[in-house]
Amino acid sequence: MDDEQQRPDHGPLSGFTVGVTAARRADELGALLQRRGATVVHAPALRIVPLADDSELLTATKELIDSAPDVVVATTAIGFRGWVEAADGWGLGEELLTRLRSVELLARGPKVKGAVRAQGLTEEWSPSSESMAEVLDRLLEEGVDGRRIAVQLHGEPLPGFVESLRAAGAEVVLVPVYRWMPPEDIGPVDRLLDAALTRGLDALTFTSAPAAASLLTRAEERGVRAEFLAALHHDVLPACVGPVTALPLQALGIDTVQPERFRLGPLVQLLCQELPGRARTLPVAGHQVEIRGHAVLVDGALRPVPPAGMSLLRALARRPGWVVARAELLRALPGSGRDEHAVETAMARLRTALGAHKLIQTVVKRGYRLALDPAADAKYADA
């Protein structure tokens, strides 16, 4: 029983809000985050449209069947499966597989390798890093001058990859299997952007470069790109599943965090480390107070706090132990008017939510202060 009582009543992401931009596998990512306590805001930044009836894919498939390439690069499992399924639909499936058995087939990572083998094919090589940069290095080391290389695309072009091959003398045939399109309903994307702009998100996850680019484009269309970038710079943690996904953000000077293994599970584990590590922890009135996105841990117990209360608490925590005037706290309240009574109402609710009324002291005729422990006063006074 004692062990159960000591067990925390929350997950590592409890009290944090995480945005999910994924179109594919969003439910899986959302479930992983929620299982660890996060509140999830989902808005697919793109939709994936299969090109089974698309003339580009049909033309590329016939061209490769008629004239064998030297190398075929399979970049994604879903894209490779979609290509074979589309060829089956045109009555070209067996011809395509026969052709792929006769060429050097490279698979970018274990999932692609699995999709290749599921079709009865065997890859020549697959990088352990799952990196297209490593695939490119191998091809350039082998020499590509005069060689014909087919590259299966999945929704997005690979300009640096393709340009490097062509610059080295290769003929590159692009095989576009899916196309990324804007979402049919842009409302959820706008709500996600608004949440980032108002700091209602603690982190924003990206699992594809096109999703990151699409969200940036939408921010620009709304005239809020500078504000969105400022949020990502300072308050909202951008978490990308890998370096390719991060490129559109890094091109604008946004630092991102990425797991060592480019998978959803490691991405969630990374957030479980990063977000609690960014939370403010203070010794207040004999308690340990950890301020999270929309909740507070008081001595390890999770206390959900209303948005107005969180705004007041953050304003007090910026200068712990110092008196913050009512007028300043009023300015911190979202959508408040000029009536300082709103501060008193929000403060009463905050104290109730925290469950420990002595954490915040009222200083008559002046304002409020966090009751910082005396031993900590000197430390924060010098800060």
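Of all residues in the stretch 345-373, how many are assigned to a loop (DSSP other than H, G, I, E, B), open to solvent by less than 40 Å² (accessible area, probe 1.4 Å) and over 21 Å from Arg292 (Cβ atoms)?
Here the count works out to 0.
Given the residues Leu316, Leu302, Leu333, which is the only one that is at pLDDT 90 or above and open to solvent by less than 40 Å² (accessible area, probe 1.4 Å)?
Selected residue: Leu316, the only one of Leu316, Leu302, Leu333 that is at pLDDT 90 or above and open to solvent by less than 40 Å² (accessible area, probe 1.4 Å).
Pairs, please: C-beta under 7 Å, at least 6 apart or cross-chain, first residue in contact (Cβ under 8 Å) with a residue 24 or more places away in the chain and over 9 Å from Val103 (Cβ atoms) and in the stretch 63-76, second surrounded by fewer than 22 Cβ atoms within 10 Å (Cβ to Cβ) and charged (D, E, K, R)?
Ile65/Glu95; Ile65/Arg99
Looking at Val296, Val257, Val268, which is the one that is of a type outside the set (D, E, K, R) and more than 28 Å from Ser129 (Cα to Cα)? Steps first, answer last, please.
Values: Val257 fails: more than 28 Å from Ser129 (Cα to Cα); Val268 fails: more than 28 Å from Ser129 (Cα to Cα).
Result of the check over Val296, Val257, Val268: Val296.
Report, by residue number, each residue of the stretch 251-263 that is among the charged types (D, E, K, R) and either under 22 Å from Gln34 (Cβ atoms) or surrounded by 15 or more Cβ atoms within 10 Å (Cβ to Cβ) (or both). Walk me through it before giving the result.
Taking the stretch 251-263 first, the residues among the charged types (D, E, K, R) are 255, 260-261, 263.
Within the stretch 251-263, Arg261, Arg263 qualify.
Only residues in the stretch 266-289 that are more than 13 Å from Leu354 (Cβ to Cβ) and open to solvent by 30 Å² or more (accessible area, probe 1.4 Å) count as the first member; pair them with residues that are of a type in the set (Lys, Arg) and not in a helix (DSSP H, G or I), Cβ under 8 angstrom, at least 6 apart or cross-chain, and list the lot.
If the second residue must be of a type in the set (Lys, Arg) and not in a helix (DSSP H, G or I), the pairs left are Pro276/Arg292.
If you take the residues of the stretch 45-84 that are acidic (Asp, Glu) and either in contact with a helix residue (DSSP H, G or I) (Cβ under 6 Å, 6 or more places away or on another chain) or open to solvent by 50 Å² or more (accessible area, probe 1.4 Å) (or both), which of them is nearest to Pro188 (Cα to Cα)?
Taking the stretch 45-84 first, the residues acidic (Asp, Glu) are 53-54, 56, 63, 66, 70.
From what is left, the residues that are either in contact with a helix residue (DSSP H, G or I) (Cβ under 6 Å, 6 or more places away or on another chain) or open to solvent by 50 Å² or more (accessible area, probe 1.4 Å) (or both) are 53, 56, 63, 66, 70.
Details: Asp53: 29, Glu56: 31, Glu63: 41, Asp66: 45, Asp70: 45 Å.
The extreme case among them is Asp53.
Would you check if there is a residue in the stretch 55-63 being at pLDDT below 95, out of contact with any Leu (no Cβ under 9 Å at 6 or more places or on another chain) and among the aliphatic types (A, V, I, L, M)?
No: zero hits.
Listed residues Pro248, Pro243, Pro266; which is within 17 Å of the chain's Cα centre (by Cα) and either of a type in the set (S, T, N, Q) or closer than 19 Å to Ala38 by Cα (or both)?
Exactly one of Pro248, Pro243, Pro266 is within 17 Å of the chain's Cα centre (by Cα) and either of a type in the set (S, T, N, Q) or closer than 19 Å to Ala38 by Cα (or both), namely Pro266.
Only one of (1) small (Gly, Ala, Ser); (2) farther than 23 Å from Phe262 by Cβ; (3) in contact with a strand residue (DSSP E or B) (Cβ under 6 Å, 6 or more places away or on another chain) is not met by Gly120, so which one is it?
(3)
Which of the residues that make up the stretch 251-295 are in contact with a Gly (Cβ under 7 Å, 6 or more places away or on another chain) and among the aliphatic types (A, V, I, L, M)? Before the answer, list the steps.
Of all residues in the stretch 251-295, those in contact with a Gly (Cβ under 7 Å, 6 or more places away or on another chain) come to 258, 262, 292-295.
Scanning the stretch 251-295 gives a single hit, Ala295.
All but one of (1) over 30 Å from Arg292 (Cβ atoms); (2) open to solvent by less than 40 Å² (accessible area, probe 1.4 Å) hold for Ala31; state the number of the condition that does not hold.
Of the numbered conditions (1) over 30 Å from Arg292 (Cβ atoms); (2) open to solvent by less than 40 Å² (accessible area, probe 1.4 Å), the odd one out for Ala31 is (1).
Only one of (1) under 38 Å from the mean Cα position of the chain (by Cα); (2) modelled with pLDDT of 90 or more fails for Tyr380. Which number is that?
Unmet for Tyr380, out of (1) under 38 Å from the mean Cα position of the chain (by Cα); (2) modelled with pLDDT of 90 or more: (2).
Can you find even one residue in the stretch 273-289 that is modelled with pLDDT under 95 and touching a Ser or Thr at 6+ places or on another chain (Cβ under 6 Å)?
no
Which members of the stretch 130-144 meet the condition of being open to solvent by 20 Å² or more (accessible area, probe 1.4 Å) and modelled with pLDDT of 90 or more?
Answer for the stretch 130-144, where residues must be open to solvent by 20 Å² or more (accessible area, probe 1.4 Å) and modelled with pLDDT of 90 or more: Leu136, Asp137, Arg138, Leu140, Glu141, Glu142, Gly143.
From the list Ser102, Ser126, pick out the single residue that is surrounded by fewer than 16 Cβ atoms within 10 Å (Cβ to Cβ), among the polar types (S, T, N, Q) and within 21 Å of Arg81 (Cα to Cα).
Ser102
The values are calculated or read from the model by the stated rules, or taken from the named source; none is laboratory data. Since the model is a prediction, treat every value here as computed from it, not as a measurement. Every residue, glycine among them, receives a Cβ derived from its backbone with ideal geometry; neighbour counts consider all protein chains shown. Heavy atoms of the whole protein, side chains included, go into the accessibility calculation; ligands, DNA and RNA do not. Shrake-Rupley method; radii C 1.70, N 1.55, O 1.52, S 1.80 Å.
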